[in-house]
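Take a look at the structure below.
Bear in mind that the values in this text are calculations on the coordinates, not laboratory data. Here the structure is a predicted model, which means the values were calculated and not measured. Reconstructed Cβ throughout: ideal geometry from the backbone, glycine too, with neighbour counts over all protein chains shown.
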Amino acid sequence: MSQRVDVEAPDNAGPDDVAGRLCHGRVVFVGSGLSSADQLTRAGLRALSSATMLVTTPELREMLDEAGVEVPDKDATRFVGDLPDVARFVVEAAGDDQSVARFVRGDPLLEGNIADEVSAYIDADLMLDIVPGVPSLTSVTTLAGVSFPGQSVQLISLPYRAKTAEIPAAGSLAVGCYSSQAAMVARAAVEAARTPDEDVLITFHGGTLRQHSEMSTIGTLMGKKSPIEPGDDRVSIVFGKASHRPGGMNWYESKPLFGWQVLVPLTRDRNEELIERLSLHGAHCTEVPTIDVEPPRNAAQLDRAIRGLVDGHYQWVIFTSVNAVRAVAAKVAEYGLDARSLSGLQIAAVGDGTREYLSTWGLIPDLAPTDVHTVAGLAAEFPAYDDIVDPMNSVLVPRAEIATEPLSEGLAELGWEVDDVTAYRTVRASPPPAPIREAIKSGDFDAVVFTSSTTVRNLIGIAGKPHAATMVAAIGPATADTCEEHGLDVAVISDAPGQIELADSLAYGARRRAKALVEAGKPVKRPSQRRRRRTNKS
C-alpha cells in the first residue's frame, strides 16, 4: 500500500522550485520471512536493493547478509536499539532525500507494531510504502504441518508485555506468544470455558533447525513453569481440532537431515548446489575452506602459452577445473584481451562446474561430456589426431602443479602433442577457528561431505580427523578410498559424482540409518547426540 502527497506548485514557480518541492524522501516497510530471507517477496527484494539506508535489528541484518541479499552497506545501516526515537531519525534521514528501508520481522502491520511510525511519516509528508511479509502466525503453523481446512480460524499474536489474552470459547485457534506467556494463555483459555483436557500443539523455535512440536493439554500447560523453555523465545500454540495433525503432515521436522550439523570442506569455489540441497533436506551447513589458489612460482611458462594461444599455435585447449579457466582468463586480461582471443580454438572441459564457468567468460566448449568428471574419462572421449582434418596436433592443458598424467598419456596415444603448463598452484588453507576445530574432533558435527580427495587430505591437515561418530559421505569411489586411507569409515558414497547427488545420497543414508534404529528398538538420535560413555570414578 502507498501513501503519497501531491504537491501543487504555484503558477510562478520555476523548474528548480518544482523539483525541490517534489523531491520527498521515501520510507518503505519490508516484512521478512520467519527466520530466513528465502521468504522475502520480489517487491521486498526490490525495495531493499533500491534503498539508500536500512533501519532494522542486528539479527535481521545478519539474516540478509547470510542470504546475500542486496542491501545498503553497513555504514548506511542503523539498528533500532541504538536509536532513541526511530521515527524522528527516519524522518530526518528521509528528509535528506534518502530512501529508507524499515526491515521488520513478519508482516509489518500484523506483527511489526508500526502504526505510530506510519503516522509520523505521513505527517512528515514522506512517500510511504508497505511491503507485506509472511506472518509468523501462519508460517509456523505451516511448518508444523497444521491444517485448517473448512474451519473458522482465529489468529492471535501477543506482544511481549501482554499480561492477558482474549481467547474464544471454542473453535480452532493459533496463538503466537512468548514462552513466558504460555501458562497465562492456558489460564485465559480455561476462563473462556475451554476444558483443561483440551489438546494443544506447541511449536518451539518455529522456522529454525531447532524447531520441535509436542502435544500437550491446556491443563498441563497451565501448570508449566514460566517460561516453558529457556530463552523465552516465541512459541506457537494451536487449540482445537487442528492440533491433531493428519498422518505424515509433520513434513518439516521429519526431513531426513533435519537439525543435522553438516561440515562441508571447500575448495576455492563454494559448493552452492551442495549447500542448497543439504539445506532443503533440513541440514545446517558449516563451510570450511581447505584450499587456497595462488599463481605459479614462475609465470614464464604460462606467459608463453598465452602468447601461443593468441598466435594460433594450439588446436585444442583443455580446461580441467574452474581454477584453470580463472587463471587463463586473468592472464589473458593482463594482455588487454578477452575471450575473443581464443576464437578459432577448440575447447574441451572436464566437469559441469568448469563448463558453467566457461559460459560466464562467454565460451561454449566443443567437447564437454556430461557423464565425464575425470581427466582420464575425457581422454577416453577425446578424438584422435587426424593429419588431414586437423591443421596441427598441439594441445594446451593449463593445470595445477599436480600433473595430469592420465590425460597427457591418453592424448599422446591418440597422436596429440600435449603442452602441460602450470597455470596455478593449490596450497592448504589456514586452519579454521578453534571452536570449529574442536567441534570437528569432538563429534559435534553429524556428518561431513567430501567433494574430492584433496579436501580429505587438507581438512585433516588443517583441522584434524573428524570424530568416529561423524557420518562420512564421499562424492565418489576415489574420494572414498582417500577417506579410508586416512582412517575414516565411509558411510555414504554418492551414486553419481555431482553435488546434488552427494547431498541426496547423504539424506538417503540418514533415512536408512533412522529406519535401522527404529527396527532395533532404539531412539532416533543424530550422530552428534550419541550416548556418551560414563566414566566410573573410583
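Evaluated over the chain, the count of Lys pairs having alpha-carbon atoms less than 28 Å apart is 24 (only pairs 8 or more residues apart or interchain). Over all pairs of different C-alpha atoms in the stretch 121-240, the reciprocal of the mean inverse distance, the Kirkwood hydrodynamic radius, equals 15.2 Å.
How big is the antiparallel share of DSSP beta bridges in the chain, given as a percent to the nearest 5? Counting DSSP beta bridges with both partners in the chain, the antiparallel share is about 30 percent. Using the alpha-carbon positions of the chain, Rg (one decimal) and Dmax (whole number) come out as 30.0, 98 Å. Taking the stretch 22-134 on its own, what percent of its Cα-Cα pair distances exceed 22 Å? The calculated P(r) of the stretch 22-134 puts 22 percent of pairs beyond 22 Å.
Work out which trypsin sites (Lys or Arg not before Pro) in the chain are exposed loop sites (DSSP not H, G, I, E or B, at most 11 other Cβ within 10 Å) and give the longest gap free of them.
Values: sites that count: ARG161, LYS163, LYS225, ARG297, ARG531, ARG532, ARG533, ARG534, LYS537.
With trypsin sites (Lys or Arg not before Pro) excluded where exposed in loops, the chain gives 298-530 as its longest stretch.
Here the stretch 142-174 and the stretch 19-82 have alpha carbon centers that stand 30 Å from each other. Relative contact order, whole percent, for the stretch 278-419 stands at 25, derived from Cα pairs under 8 Å and 6 or more residues apart. Applying both filters, DSSP loop and at most 12 other Cβ atoms within 10 Å, to the GluC sites (Glu not before Pro) of the stretch 138-221 gives GLU166. Annotation for the stretch 247-334: chymotrypsin sites (Phe, Trp or Tyr not before Pro) lying in DSSP loop with at most 14 further Cβ atoms inside 10 Å of their Cβ are TRP251. Using bins of 5 Å that start at zero, the share of Cα-Cα pairs per bin across the stretch 330-478 amounts to 2, 8, 13, 16, 16, 13, 11, 9, 6, 4, 2, 1, 0, in whole %. Per residue, the average separation of C-alpha pairs within less than 8 Å and at least 6 apart gives the chain a relative contact order of 10 percent.
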